[in-house]
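One structure is given below, encoded as structure tokens.
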Amino acid sequence: MTLRVFFAFESDMRARYLDDWVEALSEDEENEFVATLEGLRVLPRHLWRRPQFDLLSEPYQGIGEIRFKVERKQFRVFGIFGPKPMQFTMLHACGKQRSNLRREMNIAAQRKRMLANGQGTAYEFTITRRPDRETS
């Protein structure tokens, strides 16, 4: 079985926004994020659907959102399939604190355009546990 590989956006100035976002998550939030990615990783693309994934509508065509929830707080990780088969590139992530996420979706769309124009890169995204987050 071929597993999907996750990538994340890196700016030309070497900023890795998704790494910073994961760093700020609580242990429970990070665990749920990891579990969601691991679940999606083994699914064929046609089975990526709610509640873990949804495609955005115009004007954000081509962008999807990975969705997860911890307690009563919802999270969204916006990204695109590609650039190669079996890859998903995460562009932007946020906690969903209100119903209108237009600002966050605009950031994802801007980063998608940047990648298409050769600005920024996508690096293979892996989550490694920090020693201070490991449970005894």
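The values are calculated or read from the model by the stated rules, or taken from the named source; none is laboratory data. This is a predicted model, so every value here is computed, not measured. Positions of Cβ are backbone-derived with ideal geometry, glycine not excepted, and every protein chain shown enters the neighbour counts.
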#### Entry: Selection count where residues are acidic (Asp, Glu), free of Cβ contacts under 8 Å to residues at least 12 places away in the same chain and in contact with a helix residue (DSSP H, G or I) (Cβ under 8 Å, 6 or more places away or on another chain), scope the stretch 1-30
0
### Candidate set from the stretch 3-30 (those that are exposed (fewer than 14 other Cβ atoms within 10 Å of the Cβ) and not charged (D, E, K, R)); member that is farthest from Phe81 (Cα to Cα)
Ser26
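Among the listed residues Leu115, Leu55, Leu91, which satisfies the condition of being aliphatic (A, V, I, L, M) and either surrounded by fewer than 16 Cβ atoms within 10 Å (Cβ to Cβ) or farther than 19 Å from Arg16 by Cβ (or both)?
Going through Leu115, Leu55, Leu91 in turn, just one is aliphatic (A, V, I, L, M) and either surrounded by fewer than 16 Cβ atoms within 10 Å (Cβ to Cβ) or farther than 19 Å from Arg16 by Cβ (or both): Leu55.
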### Query
Taking the stated definitions as given, is Trp48 closer than 18 Å to Phe125 by Cβ, out of contact with any strand residue (DSSP E or B) (no Cβ under 6 Å at 6 or more places or on another chain) and modelled with pLDDT of 95 or more?
yes
### Message
I'm trying to understand the selection: among the residues of the stretch 1-35, which are part of a helix (DSSP H, G or I) and on the phi > 0 side of the Ramachandran plot?
### Response
none
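Conditions (1) at pLDDT below 95; (2) under 15 Å from the mean Cα position of the chain (by Cα), marked per residue:
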residue	(1), (2)
Met1	yes, no
Leu18	no, yes
Glu27	yes, no
Ala35	yes, yes
Leu55	no, yes
Gln61	yes, no
Ile66	no, yes
Arg76	no, yes
Gly79	no, yes
### Query
Restricting attention to the stretch 31-52, which residues are surrounded by fewer than 12 Cβ atoms within 10 Å (Cβ to Cβ) and in contact (Cβ under 8 Å) with a residue 12 or more places away in the chain?
Val42, Arg50, Pro51
